[in-house]
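One structure below.
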Amino acid sequence: MDTKGKLIVISGPSGCGKGTIVDKLLQQDGSLQLSISATTRMPRGTEENGVNYFFKSEEEFEQMIRDQAFLEYADVFGKYYGTPKEYVLGKLKQGKNVILEIDVQGAMQVIKNYPEAVTIFILPPSEEVLLGRLKGRGTETEEQIMKRFGKAKAEMEYAQQYGYRVVNDDLDTAVAEVKNIIDHAS
Ligand code: ADP
Ligand code: 5GP
């Protein structure tokens, strides 16, 4: 890949705290850019189009697949999620480090197509803590929480395929570890 910036992939089971970690990283380091994904899931809470996600209809998303507009995409919990290719490659060319907060299926596509990507898997301290965080966030129904929790074990089996693994027990420690990985990975 003829680029200067680092492509950074962050994954982990729903509720492990990756969104919280990424928010803190972005506050600390102005040179980091977060890729905004497209999705066919509905916005939740205060989420806004173009800020948290680009919210798309299934037809729009499938057209983008046909147009090869995605760096990677996957079906997660029955909805499409994908990384817009042009935006990310453009930022990398400008020398910016770009974070993709994506699921394990998408990350495997990135590892295959961009092997120089810095890949980080966030782990919860335990399954009990993970369930507690999912419930505590209060943004999903009980059924959605159990679906996400049920998928966590299978997702955690992918952790070994990532370049780095970070346990999110104390938040500030986890953020510092991720920052250190990003700064020192070549
Ligand atoms: P994800 O993006 O991985 O689905 P979130 O970032 O939404 O997870 O975190 C899930 C919940 O856990 C949120 O309510 C968040 O405030 C909380 N949380 C995240 N990291 C920690 C931590 N280190 N200790 C305690 N609670 C945390
Ligand atoms: P949520 O619905 O909680 O925002 O996200 C659900 C899952 O989809 C998370 O694991 C998140 O990392 C993943 N995800 C978000 N955007 C993308 C994307 O562009 N591609 C892929 N493959 N997964 C994504």
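Bear in mind these aren't lab numbers, they're just calculated from the coordinates by the rules spelled out. What you are looking at is a predicted structure, and each value in this text was computed from that prediction instead of being measured. In this analysis, Cβ positions are derived from the backbone assuming ideal geometry, glycine residues included, and neighbour counts consider all displayed protein chains.
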### Summary
With R₀ set to 30 angstrom, the calculated FRET efficiency between the beta-carbons of Lys135 and Lys112, to the nearest 0.05, is 0.30
#### Entry: Under 5 Å, built H, 5+ apart or other chain: amide partners of Leu71
Thr83, Lys85
### Message
For a quick check: with amide H placed at 1.01 Å from N, whose amide H comes under 5 Å from Leu123's, ignoring anything fewer than 5 positions away on the same chain?
### Response
Val166, Val167, Asn168
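Once fully extended, how much extra length lies between Thr20 and Asp75, figured as 0.36 nm per residue of separation less the alpha-carbon to alpha-carbon distance? Show your work: numbers first, answer last.
Values: separation 55, 0.36 × 55 = 19.80 nm, distance 2.28 nm.
Gain on extension, Thr20 to Asp75, equals 17.5 nm.
First check a/c for the range 101-186, with a ≥ b ≥ c the square roots of the eigenvalues of its C-alpha gyration tensor; if it is under 1.5, answer rounded, and if not, answer prolate when a/b is larger than b/c or oblate otherwise.
Values: a/c = 2.46, a/b = 1.45, b/c = 1.70.
It is oblate, given that a/c is not under 1.5 and a/b is not larger than b/c.
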### Query
Can you work out ³J(HN,Hα) from phi for every residue in the range 157-163, in order, using Karplus 6.51 cos²θ - 1.76 cosθ + 1.60 and θ = phi - 60°, giving whole Hz and x for Gly and Pro?
5, 7, 3, 5, 7, 8, x
#### Entry: Separation in nanometres of the label points that stand 7 Å from Cα toward Cβ, at Asp67 and Lys153
4.2 nm
#### Entry: Label point at Asp29 placed 7 Å out along Cα→Cβ; residues across the range 76-106 whose backbone nitrogen lies under 18 Å
88-89, 91-102
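For the range 7-184, take the convex hull of the Cα atoms, compute a quarter of its surface area, and give me that in nm², please. Present the calculation step by step, with values, prior to reporting the outcome.
Numbers: hull surface 39.5 nm².
Computing the convex hull of the Cα atoms and averaging its projections yields 9.9 nm².
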### Separation of the Lys93 and Glu142 label points, Cα + 7 Å toward Cβ, nm
5.2 nm
### Query
What percent do you get for the relative contact order of the chain when only Cα pairs under 8 Å and 6+ apart count?
33 percent
### Task
Give, rounded to the nearest 20 debye, the magnitude of the charge dipole that the chain has about its Cα centre when Lys and Arg contribute +1 at Cβ and Asp and Glu contribute -1 at Cβ.
240 debye
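What fraction of the DSSP beta bridges in the chain is antiparallel, stated in percent and rounded to the nearest 5? Present the calculation step by step, with values, prior to reporting the outcome.
Details: 8 of 26 bridges.
Just about 30 percent of them are antiparallel.
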### Message
Give the residue list of trypsin sites (Lys or Arg not before Pro) in the range 47-107 that are DSSP loop and have at most 12 other beta-carbon atoms within 10 angstrom.
### Response
none
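What full-extension length gain, to one decimal in nm, is calculated for Arg165 and Met42 as 0.36 nm per residue of separation minus the Cα-Cα distance? Display every interim value, and only then the final one.
On the way: separation 123, 0.36 × 123 = 44.28 nm, distance 3.02 nm.
Result for the pair: 41.3 nm of gain on full extension.
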#### Entry: Proximal lysines to Lys79, defined as alpha-carbon separation beneath 19 angstrom and excluding residues fewer than eight positions away on the same chain
Lys56, Lys147, Lys151
